[in-house]
1. Can you confirm whether A115 is of a type outside the set (D, E, K, R), within 25 Å of S204 (Cβ to Cβ), assigned by TED's automatic domain parsing to the domain that holds S364 and out of contact with any helix residue (DSSP H, G or I) (no Cβ under 7 Å at 6 or more places or on another chain)?
2. For segment 85-133, which residues satisfy the criterion of being in contact (Cβ under 8 Å) with a residue 60 or more places away in the chain and in a helix (DSSP H, G or I)?
3. What residue, of D158, D136, is modelled with pLDDT of 95 or more, among the charged types (D, E, K, R) and assigned to a loop (DSSP other than H, G, I, E, B)?
4. In the set L153, L166, L142, L196, which member is surrounded by fewer than 17 Cβ atoms within 10 Å (Cβ to Cβ), touching a Lys or Arg at 6+ places or on another chain (Cβ under 9 Å) and not charged (D, E, K, R)?
5. Looking at segment 340-380 only, could you name the residues that are among the aliphatic types (A, V, I, L, M), within 21 Å of the chain's Cα centre (by Cα) and surrounded by 15 or more Cβ atoms within 10 Å (Cβ to Cβ)?
6. Would you mind telling me which numbered condition in (1) at pLDDT 95 or above; (2) among the polar types (S, T, N, Q); (3) out of contact with any strand residue (DSSP E or B) (no Cβ under 6 Å at 6 or more places or on another chain) S17 fails?
7. Please verify whether D170 is modelled with pLDDT under 95 and out of contact with any Phe, Trp or Tyr (no Cβ under 7 Å at 6 or more places or on another chain), treating the condition exactly as stated.
8. Inside segment 295-341, can you point out the residues that are touching a strand residue (DSSP E or B) at 6+ places or on another chain (Cβ under 7 Å) and over 22 Å from G241 (Cβ atoms)?
Amino acid sequence: MRPLEGYLIIDFGQFLSGPSASLRLADLGARVIKIERPEGGDICRSLYTSNVVMNGDSSVFHAINRNKESFAADLKNPQDRDTIRTLLLKADIVMHNFRPGVMERLGFDYNSVKAIKPDVIYGEISGYGSEGEYKDRPGQDLLLQSLTGLTWLTGNADSGPVAMGLSIVDMLAGAHLAEGILACLYRKAVSGEGGLVQVSMLESAYDFQFETITTFMNDGGENPQRSLTNNANAYLGAPYGIYQTADGYLALAMGSIPVLGKLLGCDALASYADAAVAFEKRDEVKSILGQHLRTDSTQKWLSILEPADIWCADVLNWNQLFEHEGFKVLNMTQKVSMSDGYTYQTTRCPIRIDGELLTSGKGSPKLGQDNQTILTEFSL
C-alpha cells in the first residue's frame, strides 16, 4: 500500500508548477482528478515548451500529468460550478496555481472551499505571492529566474546573464507545495485540522539560493563573481568546473591544485600550493588546466584521477547517459498507456518506499475522459 492511497486530490492547476506537485502526490498513491476547461483543457496541452507533439498534446503535458484523471468543467457556468462544489465535499486536498484573485472570482478560493469542507487541505502556488507590486504579474519561469538573481550564477563572467535550461522555478515551487501539503496531512492525521498551504515561485527561487544568498549577505554585499573560464560555481575556486578534453569534457570538483598537477603531469600547477590562490587566481589556474586537459582523452584523465580518489566525472549527453550502466541499473524510466491505447516512455518517481519503485502504467488523460465515471461514482 502506498502512503497516500485513499486520499482524493482535486487539482485545478495547469501548466507546470501546480501539476508537478499533484504528480508527485499521485506517485505516492493519491487519486488526482484534474479539473480542465472543456475547450482546450490545461494550457500546457497546446502551449508547447518543446516541438514534440504526442497523441495530439505537448510532450510536457504527458510528462507532468500521467497517473491522473481529467474532468472537464466550465467554472464560469453555474451548473458546472455546483457540480464541482459537490465533488469538493469528497476531497481531502484541493490545489491550484492561478494568479491571486482568480479562484476568489470563481468561488473556489480557500475560504469558499473551507466553508463546505472545513477540514480541507488547500494548496496554492502563485508567481509572486498575494502582496507587493509584482502580485499580478505572470508567474513564468524565465521571468522568475531573471528577477531573483539566478541568471548571474550560471555561465562564465563574460557571458552576461544565463538562464538555466529547465523550468527550475516551476519545479521547485511544485516540490515546496507537495512538502507543505504532506506536512498538513500529518497534522490532520494527528488533530483533524485542515489548513492553507501557500507557495510563491518568487520565494521558491530565493530559497533555492540559500547557500549563495547567505554568503552574499555575510560578504559585505559583494555580488558573486563568476570565473572567466570553466565557471560552475561563483563562490568556488579552481579547479571547480567543466573542461574540454581531446574528445569530450571532464568535470572536476574541489581538489588540491598541486596534487592535481602532479597526477596529470602538468608541472605548471605545482607553484599554486597556497590554498588561497584556488580562488584568488582561479582564472589563471583554470586556463592552465584547461589547456593541458585538451591534450588527451576524457577516459585517459579519468583513468588517472578516479583511482586517486579525485572528484571527477565524464560529461554525458542523453544518448550516452541512456547507454551507461549507472543509469540502466536504476530503472529510471517506465512505459505508460493512455485510455486510447497510446503508449509512451517517461520517467518514474525518484522516491522508493520500503525498497519499492513507485511506478504506474497509467498515462496522461485525454481531456474530459473521466467525466462520466466521476459523475456516476460521486452521484454528481
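1. no
2. Answer for segment 85-133, where residues must be in contact (Cβ under 8 Å) with a residue 60 or more places away in the chain and in a helix (DSSP H, G or I): T86, L87, L88, M103, Y110, K114.
3. None of the other options fit; the residue is D158.
4. The conditions single out L196.
5. Scanning segment 340-380 gives a single hit, L358.
6. So the condition that S17 fails would be (3).
7. no
8. Passing the criteria: N331, M332, T333, Q334, K335, V336, S337.
The values are calculated or read from the model by the stated rules, or taken from the named source; none is laboratory data. Because the structure is predicted, anything quoted here is derived from the model rather than measured. As a convention, Cβ positions derive from the backbone with ideal geometry for all residues, glycine included, and neighbour counts pool all protein chains shown.
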